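Report on one structure; see the data block that follows.
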Amino acid sequence: MVAKVNEYFKLIENNYLFVDIAKKVDEYQKENPSAEIIKMGIGDVTRPLPKSVIKAFKAAVDEMADYESFRGYGPEQGYAFLIDTIIENDYNPLGISLDTSEVFVSDGAKCDTGNFQELFSKDNVIAVTDPVYPVYIDSNVIAGRSGKLSDNGEYENIVYIPTTKENGFIPSLPDVPVDIIYLCYPNNPTGTTLTKDQLKVWVDYARENKAIILYDVAYEAFITENNIPHSIYEIDGAKEVAVEFKSFSKVAGFTGTRCAYTVVPKELKVEDEDGNDVYLNPLWNRRQSTKFNGVSYPVQRAAQAIYTLEGKKEILENIEYYMKNASIIRENLEKIGLTVYGGVNSPYIWVKTPKDMDSWSFFDILLDKAHVVGTPGVGFGPSGEGYLRLTAFNTLKNTKKAMDRISKLDI
Ligand code: PLP
């Protein structure tokens, strides 16, 4: 007997995109030690945790020091104090009611969006918008749903729905039957959004075709325009077809602290081989109870503090800070004749490469001539070729400096 590997890992593209970029940047820095590189590639934040969050975090850590208030294993689904606060603040004001048992607190939307596919049959056909947050695809590759990677950069069994300037970044419904649809709005990487009517098209499609939508709203807090849904459950009937993932990472600086949640409505169901209904809420509960032991108590108290009056004020300051960076990026790039998308309801700016050059060539020019790191659009899927993503998460000072440098380039 020999221990054997999960063969599907061989199908996965060699490296995680951001590892490739980090390697390239490290090599460049070694060759050019004096270059002051500004990173606007990876979506990590720069502002620290808000004061109210730190206060609650510390108080909860102190509770852990006493016999009376010490907490061991918490509920796998999350503490009710946090779940109820989430429902009251993120859903009830939108006219959406949820039961405590429909919200699952976790240590990240990356894990949840990656793990949720475990609930579905291996035969399900997966659809993604292209370009796409890589986790949706890679987790399905590892699970054996993708087939091989073709020369055109697409996995043979995954349905790619292009979102490009040609269709105004509005994905059209798939022309082949699909079972599971990943949607992310405001979108990473393009920074674009869907209106309520545009999202309704997808909810209606899922209801008619018994498909499930996995809806990622990691960037919901950055929405500034009206008529952009803050939750898919604003659309009639969405509770029958959609799971929603949300993260505290970007809005409140939790990228290193780790806290997120996933909503799995009780109505949501799929079928087993015999055509019997199987409800996803108890299934996800079972999955989490088996493989996950909950987010730490102090982190959940810290997350709860985001929803206090003080917390809300501080979060708003964070968002305004990053969105100011986004508008600085947009304005400066437009001034030098580049075409940009996003950056209005999201911290991502999706830049069309000049002179139709490919993504990596533009990446190299920015790194070499401006010492600015972006993310090549093609790294997010074939339809990302010819684009580059910049993020608004750096400091205001660095963002301005980066734009000054890029403005001086002859591109
Ligand atoms: N979903 C999207 C679309 C993201 O862009 C990211 C992070 O970049 C995540 C989820 C991950 O969130 P978390 O930090 O909660 O794992």
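The values are calculated or read from the model by the stated rules, or taken from the named source; none is laboratory data. Keep in mind the model is a prediction, meaning the values are calculated, not measured. Note that each Cβ is placed from the backbone with ideal geometry, even for glycine, and that neighbours are counted across all protein chains shown. Just the protein is used for accessible areas: all its heavy atoms, side chains included, with ligands, DNA and RNA removed. Shrake-Rupley method; radii C 1.70, N 1.55, O 1.52, S 1.80 Å.
Among residues other than Glu13 whose Cβ falls under 10 Å from its Cβ, what is the net charge (Lys/Arg +1, Asp/Glu -1)? Don't skip to the end; give the middle numbers.
Values: positive: none; negative: Asp20, Asp138.
That works out to -2.
Charges on Cβ only, +1 for Lys and Arg, -1 for Asp and Glu, centred on the Cα centroid of the chain; of Ile406, Val135, Asn152, which one is farthest towards the dipole's positive end?
Ile406
What does the charge dipole of the chain about its Cα centre add up to, to the nearest 20 debye, if the Cβ of each Lys and Arg holds +1 and the Cβ of each Asp and Glu holds -1?
Numbers: 44 positive and 59 negative charges, 301 e Å.
Using only the charged Cβ atoms, the result is roughly 1440 debye.
Per residue, how much accessible area does the chain have with a 1.4 Å probe, in Å²?
Values: 18620 Å² over 411 residues.
Accessible area per residue, the chain: 45 Å².
Quick one: if you stick a label point 7 Å off each Cα along the C-beta vector at Ser172 and Val2, how many nm between them?
According to this spin-label approximation, the distance is 4.9 nm.
Ordered by packing density, taken as the mean number of other Cβ atoms within 10 Å over each peptide's residues, highest first, how do 352-364, 177-189 rank? Display every interim value, and only then the final one.
Values: 352-364: 16.9, 177-189: 23.3.
Ranking the peptides 352-364, 177-189 by packing returns 177-189, 352-364.
Taking the Cα centre of the chain as the origin and placing charges on Cβ (Lys, Arg +1; Asp, Glu -1), which of Tyr387, Phe57, His230 is farthest toward the positive end of the dipole?
Comparing the listed Cα positions along the dipole, Phe57 ranks first.
Return the single residue from Met64, Met323, Met40 with maximal mean-square fluctuation; model: Gaussian network over the chain, springs between Cα atoms under 10 Å.
Greatest mean-square fluctuation among the candidates belongs to Met64.
Between Glu118 and Lys196, what is 0.36 nm times their sequence separation minus the Cα-Cα distance? Round to one decimal in nm. It would help to have the intermediate numbers written out before the result.
Values: separation 78, 0.36 × 78 = 28.08 nm, distance 2.91 nm.
Roughly 25.2 nm would be gained on extension.
In percent, how large is the relative contact order of the chain, given Cα pairs closer than 8 Å and 6 or more residues apart? Please list the in-between numbers first.
On the way: 770 pairs, mean separation 93.1, N = 411.
Across the chain, relative contact order equals 23 percent.
Could you tell me what fraction of 2.2 N^0.38 Å the Cα radius of gyration of the chain comes to, as a two-decimal ratio?
Values: Rg = 21.5 Å, N = 411, 2.2 N^0.38 = 21.7 Å.
For the chain, the normalised Cα radius of gyration comes out at 0.99.
Work out from phi, with θ = phi - 60° and the Karplus expression 6.51 cos²θ - 1.76 cosθ + 1.60, the ³J(HN,Hα) of each residue of the stretch 39-48, listed in order in whole Hz, and give x for Gly and Pro.
8, 10, x, 5, x, 8, 8, 10, 7, x
Which residues among the stretch 288-311 fall inside the zone where the amide N is under 15 Å from a point 7 Å beyond the Cα of Phe81, along Cα→Cβ?
So the set is 295-308.
Please identify every one of the trypsin sites (Lys or Arg not before Pro) in the stretch 1-94 that sits in a loop by DSSP and has no more than 10 other beta carbons within 10 Å of its own beta carbon. Mind showing how you got there, number by number?
Values: sites: Lys4, Lys10, Lys23, Lys24, Lys30, Lys39, Lys51, Lys55, Lys58, Arg71; in loops: Lys4, Arg71.
Those that pass, being in a loop and sparsely packed, are Lys4.
Cut-off 10 angstrom, C-alpha nodes, Gaussian network model of the chain. Which of Phe81, Phe57, Phe248 fluctuates the most?
Phe81
Return the distance in nm (one decimal) between the two label points of a simple spin-label model at Glu27 and Ile336, each offset 7 Å from Cα along Cα→Cβ.
Going by the 7 Å Cα→Cβ label model, 2.4 nm.
Can you give me the % of accessible surface on the chain that is carbon or sulfur? Probe 1.4 Å, all protein chains present, nothing else counted.
Working: 9340 of 18620 Å².
Solvent-exposed carbon and sulfur of the chain make up 50 percent of the total.
What residues qualify as long-range amide H neighbours of Ile212, i.e. H under 5 Å apart, gap of 5 or more or another chain, H built at 1.01 Å from N?
Amide H neighbours of Ile212, under 5 Å, 5+ apart: Ile180, Ile181.
Sort 257-267, 199-209 for me by packing, meaning the mean count of neighbouring Cβ atoms within 10 Å per residue, highest on top. Walk me through the numbers on the way to the answer.
On the way: 257-267: 21.5, 199-209: 17.9.
Top of the packing list down: 257-267, 199-209.
Given H placed 1.01 Å from N in the peptide plane, which residues other than close sequence neighbours of Ser106 have an amide H under 5 Å from its amide H?
Ala260, Tyr261, Thr262
Residue by residue through the stretch 104-109, which ³J(HN,Hα) values in whole Hz follow from phi under the Karplus form 6.51 cos²θ - 1.76 cosθ + 1.60 (θ = phi - 60°), with glycine and proline marked x?
10, 7, 9, 9, x, 6
Label the stretch 96-189 by shape, choosing from rounded, prolate and oblate, from the square roots a ≥ b ≥ c of the eigenvalues of the Cα gyration tensor; if a/c is under 1.5 it is rounded, and otherwise prolate applies when a/b is larger than b/c, oblate when it is not.
Numbers: a/c = 1.84, a/b = 1.31, b/c = 1.41.
Because a/c hits 1.5 or more and a/b fails to exceed b/c, the stretch 96-189 counts as oblate.
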